[in-house]
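K.L.:
Supplied in structure tokens, the structure appears directly below.
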Amino acid sequence: MDPQAETPVLAVVGVAKSFGPVQVLHQIGLRLEAGQVHAIIGENGAGKSTLMKILSGYHHPTEGQVVLDGQPITLSGGPDGEARGIVLIHQEFNLAEHLTVEENIFLGRELTRGPFLDKARMRRMTREWLDALECRVPATARVADLSVSDKQMVEIAKATSRRLRVLIMDEPTAVLTPTEAAALFRLIDRLKAQGVAIAYISHKLDEVKAVADRVTVLRDGRLVASRAAAELSQDDMAHLMVGRELADLYPAKAPPSAEAEVVLEVAGLGVPGLVEGVSFALRRGEILGFAGLIGAGRTELVEGLVGLRPKTGRVRRRGREVALRDARDAVAERIVYLTEDRKGKGLLLDMQMAPNVTLLALDRLCPGPFLDARAETKALDRAVATFDVRAGRRDLAVRALSGGNQQKLMLAKVMEIDPEIVIFDEPTRGIDIGTKQQIYHFIAEAAAQGRACIVISSELPEVIGLCHRVAVMRAGRLAGILEGGDVNEGEIVRYATGLKTSEMKGAA
Amino acid sequence: MTAVPQPKPARLPFRLDLRLAAPLIALVALFILGALVNSAFLSTGNLTNVLTRSAFIAIIAVGATFVITAGGLDLSVGAMAAFVSGVMIIAMNWLMREFGAGWGTVVLGMLVGIVVGAAAGLVNGLVITRGRIEAFIVTLGTMGIYRSLVTYLADGGTLSLNTQLRAVYRPVYYEGMLGIPWPLWVLAVVGAVGAMLLYFTRFGRYCFAIGSNEDVARYSAINIDRIKTLTYVLQGVCVAIACLIYVPRLGSASATTGLLWELEAITAVIIGGTALKGGYGRIGGSIIGAVTLALIGNIMNLSNMVSEYLNGAVQGLIIVAAVLLQRSIAARK
């Protein structure tokens, strides 16, 4: 079959995208054809979401063109795309929580009779669209009261209620139960029959294999393969997604000996509704990685562990059971957590560097009731010297620092309490490669000093390059812990996407 | 002055912080305006009188600075002032039977006032932090409660201090030291202690941190509930201190005591440059704000341009204008 034979509904030609100096997409060409499902797969950070946003008009390509029905177009934003029948269903919902299902579906284009809303007709139409999805939610239910999967269904119903030509779905089944996913697949079949072109992003390779007509693989912002789905096995896809050598970016690994003291034991840890039955042990000097898809519950797990969320299960510190009800308890046990949300939860952006560096350790640095300006200045000196924080002036608000310097400042902040266990959550997100390398070396050095480290990362090379063991999470559970030769991308992807699970079922 | 065109605007030798300077500039402008309106404005008698009367609000505003800096709000301060004054008067009248009409009774009564103020603040703080309820709602509720308690205690009328006690207590408002009335000394001490607490202690730093971003504070192992509760206790103590110098002025308390003081105190804090959304607070600014409000009222009385009955309207306008000004300064940064 010659793919050039027909004009695609929507296509991109030679598209590149840069954010500042960072190029996230290189020369991408992609065709979405009527009545076809085109799956786009790749690791986190491969550029899938950026590409979807270009297709739907939320981003403009730096180079290249978006072509609709053979005509180059420039979309002025998401609403413009929607007006032309291109609908993107986000990973985050775009629904007004306090309105009802029907009010959401008709938001901004309500049907009226004279000056009044035609509620009966809107309700009837909403019902029809929901029925098509086999979704039993009442049209009059408030969106805030719906489950996550029902919200997703409402999003999809909203998309299908429009004159739909191209439907772009970003991990639509991540929050759906298998039954709901099956209903979605039946809907996809109906939409295909109606000639809608569908772009489908998923990490679940079994799903891709089942639903896609064509598969495109992105890696590091480049298109590495685009083939008919029938030609690819799931293992081929995993291999294409990974297929990369580890650069010399990481410090040499020095795993702790088997006799190293176990400083932390977690047994059957759960966070209600998000994480269930996770058990692992951590040794002095060890770097334990946590890999998994976004939403697999890694952040929730460690936030529960350090007391920032309610948890169930047991935590033993050096063999002694500890409660860890809040961050103070964790600090008292010399456990610190570096949040992934450094702007929202890590740093006081409007304050200067010194108060940020000392905030966690203020009662150690200033044991009396009064602040000790000299001790705080010294702490900042230490931060600058040890972690190479670079700022023009010391009295700058932290907001003005680059992401890398903010991250280093946050590192300095938690190291001020001289922790024995350090949990890093996405320690290099949004940071340039040079600073990344510095941070890898800080982490390795912390481990060499005898601290136990946990590193959560969505970048697989990072987890593999840095960590001695890697725990893989999937859907709120520990899918497996990999050691030695098993720590490679193929294995991690197989566990993270559910191709493989370890026989730990009985442990919970 | 000649402006030399430069590729980049030269930085001033010192940075003029508008948030710090604006309240002072406004105060100076008011003095000039007052002097122009009526020559009696600048007389020592008038100014002393105005400043002394502003001391109540200024002291309450010092407490409110902590609450607002830590991201909270206390609408109950006016009602609380009436309640504390009422309880203090009852306590003093009762204690007089035991200890006679002397300073012993007055000092014990003052202690009762401080304890009641602290307790009233503690109630606010605990309900807000333990109950996880918006400060606005909680203090709106306690505002009604404290105010109605006074009405109940006064049986709908007025609580009056025994005349003998009044004679003993009176100098606390009407006399002073070195020509400066006692209320201003009290204000100076409260202001100095407040500034020390806010700028030079861990507690003050935590107030800034919590008001700036409560999540960051929580992730930084700060005991948020305790710090927030403390700010409300501090507010209660400040209200009680204000009552200590208010009661000798009139020697009575009723349901209308301290009416709209919450509006004046919050206005003073905002005029003073403290951010209403929290994270940034100025004790000195709040005091300047309270003085500014008092001067505006005084100038309106002394001039015939605007009816003094519109004083509340002017204060209302000022708080809205101050927030607008704050935002435009913040936007320029």
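K.L.:
Strands (runs of 3 or more DSSP E) wholly in segment A:424-492 with at least 2 residues that are surrounded by 20 or more Cβ atoms within 10 Å (Cβ to Cβ) and without any contact (Cβ under 8 Å) to a residue 40 or more places away in the chain - which ones?
P.N.:
A:477-483
K.L.:
Another one. Under the condition of being in a strand (DSSP E or B) and of a type outside the set (A, V, I, L, M, F, W, C), which residue from segment A:190-214 is surrounded by the most Cβ atoms within 10 Å (Cβ to Cβ)?
P.N.:
Here the residue is A:TYR200.
K.L.:
Which of the residues belonging to segment A:357-391 are among the polar types (S, T, N, Q) and either farther than 27 Å from A:ALA323 by Cα or surrounded by fewer than 21 Cβ atoms within 10 Å (Cβ to Cβ) (or both)?
P.N.:
Across segment A:357-391, the qualifying residues are A:THR377, A:THR386.
K.L.:
Identify, from the list A:LEU293, A:LEU264, the residue that is crowded, with 21+ Cβ neighbours inside 10 Å, closer than 14 Å to A:ILE335 by Cβ and either among the β-branched types (Val, Ile, Thr) or in the same structural domain as A:ALA496 (by TED's automatic domain parsing) (or both).
P.N.:
A:LEU264
K.L.:
With the requirement that a residue be closer than 20 Å to A:THR173 by Cα and either in contact with a Pro (Cβ under 7 Å, 6 or more places away or on another chain) or of a type in the set (Asp, Glu) (or both), what does segment A:114-144 give you?
P.N.:
A:ASP131, A:GLU134 - these are the residues of segment A:114-144 that are closer than 20 Å to A:THR173 by Cα and either in contact with a Pro (Cβ under 7 Å, 6 or more places away or on another chain) or of a type in the set (Asp, Glu) (or both).
K.L.:
Moving on. From the list B:ILE287, B:ILE224, B:ILE266, which one is within 14 Å of chain A (Cβ to nearest Cβ) and either at pLDDT 90 or above or under 24 Å from B:PHE83 (Cβ atoms) (or both)?
P.N.:
Being within 14 Å of chain A (Cβ to nearest Cβ) and either at pLDDT 90 or above or under 24 Å from B:PHE83 (Cβ atoms) (or both) holds for just one of B:ILE287, B:ILE224, B:ILE266, which is B:ILE224.
K.L.:
Also, I was wondering about something else. Would segment B:133-145 turn up any residue that is crowded, with 24+ Cβ neighbours inside 10 Å, more than 25 Å from B:GLY279 (Cβ to Cβ) and under 20 Å from the mean Cα position of the chain (by Cα)?
P.N.:
no
Rundown of residues vs (1) farther than 25 Å from A:ALA327 by Cα; (2) within 12 Å of chain A (Cβ to nearest Cβ), yes/no style:
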position: B:ALA192; (1), (2): yes, no
position: B:LEU198; (1), (2): no, yes
position: B:ARG205; (1), (2): no, yes
position: B:GLU214; (1), (2): no, yes
position: B:THR229; (1), (2): no, no
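K.L.:
Let me ask you something else. Name the residues in segment A:383-394 that are more than 13 Å from chain B (Cβ to nearest Cβ) and not in a helix (DSSP H, G or I), would you?
P.N.:
Within segment A:383-394, A:ASP388, A:VAL389, A:ARG390, A:ALA391, A:ARG394 meet the criteria.
The values are calculated or read from the model by the stated rules, or taken from the named source; none is laboratory data. In this text the structure is predicted, and so the values were computed from the model without any measurement. Every residue, glycine among them, receives a Cβ derived from its backbone with ideal geometry; neighbour counts consider all protein chains shown.
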